[in-house]
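Heads up, the thing below is written out as structure tokens.
What follows is calculated from the coordinates using simple rules that are stated; it is not laboratory data. It should be emphasised that the depicted structure is a prediction, and the values quoted were computed from it without experimental measurement. All Cβ positions, even for glycine, are placed from backbone atoms using ideal geometry, and neighbour counts span all protein chains on display.
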Amino acid sequence: MKMTTVKTPTHALPNPQETNSLGNQVAITYPLTVYFDGSCRLCSGEMQNFVARDVIRAIQQNSAPMLNLIDCSPVDFDDSALPASRETMMNMIHARDAAGRWLRGVDVFVACYAAADLGVVSSILAHRLIKPYAARLYPWIVRNRYRMSKIGLHRLLEIFSKRAKARADQLTTQTALAKVAYAQSQVCAVDRKNCATSFSTTNH
């Protein structure tokens with residue numbers, strides 16, 4: 001998969017674990033592999049929304065998807081090659097970029113929103129005045145994520161993800177049809193006689 005380095009203002013894609021010699025945060029290199037709790041309907045709804053929007057962005061920009069999802073909830077999930085245990089990742093979302101850098105917690109969501117072409121939300125969440133509060137709120141959400149799912153909050157995210165997926169499927173179909181039409185036009189450009197005969201037969 002093609003690696004894409006997103007060059008954005010340092011506040012937009014923060015990574016507190018990785019800084020250069022000047023103390024500036026390092027840009028994230030996509031694709032981003034996200035480890036999430038798939039047994040949580042709230043978590044799954046949001047991740048699916050991110051992926052669907054990422055597909056839309058990729059089609060519209062003629063680029064590769066930026067997000068890969070890995071469900072770490074199965075009890076037999078193998079974390080032996082990872083720097084964090086399954087239990088740790090179940091209690092705080094983790095992600096690894098294409099350069100091997102790791103993100104945790106709010107930083108993962110900042111990167112996911114950016115990949116999902118929701119840059120405004122990403123920038124707001126990463127703002128120096130907002131991020132500290134988001135970082136404090138996140139552990140509470142993690143502790144109560146199953147309760148929040150039980151009262152139906154996940155349904156809102158599922159609505160968004162279904163709409164985004166429908167749009168992504170529509171764009172995928174349109175793109176495929178456009179490629180077929182282009183290929184046919186190339187054939188017609190080479191062999192106009194046979195193309196005209198084929199077109200006439202099809203219309204009859």
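Which net charge results when you count Lys and Arg as +1 and Asp and Glu as -1 among the other residues whose beta-carbon is under 13 Å from that of M90?
Values: positive: R86, R104, R143, R145; negative: D37, D71, D79, E87.
Spelling it out: positives minus negatives among the neighbours equals 0.
Computed over the alpha-carbon pairs of the stretch 44-93, the distance histogram in 10 Å steps reads 22, 38, 28, 11 percent, short to long. Normalise the Debye intensity by I(0) for the stretch 65-122, one equal point scatterer per Cα, no solvent, then take log10 at q = 0.27 Å⁻¹ and round to two decimals. So the normalised log intensities work out to -1.21.
Roughly speaking, what is the stretch gain from R167 to T29, that is 0.36 nm per residue apart minus the C-alpha to C-alpha distance, in nm to one decimal?
Values: separation 138, 0.36 × 138 = 49.68 nm, distance 2.63 nm.
In short, 47.1 nm is gained.
Estimated at 0.36 nm per residue, the fully extended path between A99 and I130 surpasses their Cα-Cα distance by 8.4 nm. Scanning residues 5 or more positions from S73 or on other chains, those with amide H under 5 Å from its amide H are G38, S39, with H placed 1.01 Å from N in the peptide plane. Taken over the stretch 79-152, the convex hull of the Cα atoms encloses 118 Å³ per residue. Applied to the stretch 59-70, the Karplus parametrisation 6.51 cos²θ - 1.76 cosθ + 1.60 on θ = phi - 60° returns per-residue 3J(HN,Hα) values of 5, 5, 9, 6, 9, 8, x, 9, 10, 10, 9, 10 Hz, with x for Gly and Pro. Using r as the Cβ-Cβ distance of I141 and Q61, and R0 as 22 Å, what FRET efficiency do you calculate, to the nearest 0.05? About 0.10, to the nearest 0.05.
Phi angles of the stretch 82-92 translate, via the Karplus equation with coefficients 6.51, -1.76, 1.60 and θ = phi - 60°, into HN-Hα couplings of 10, x, 10, 6, 4, 4, 5, 6, 5, 9, 7 Hz per residue; Gly and Pro are given as x.
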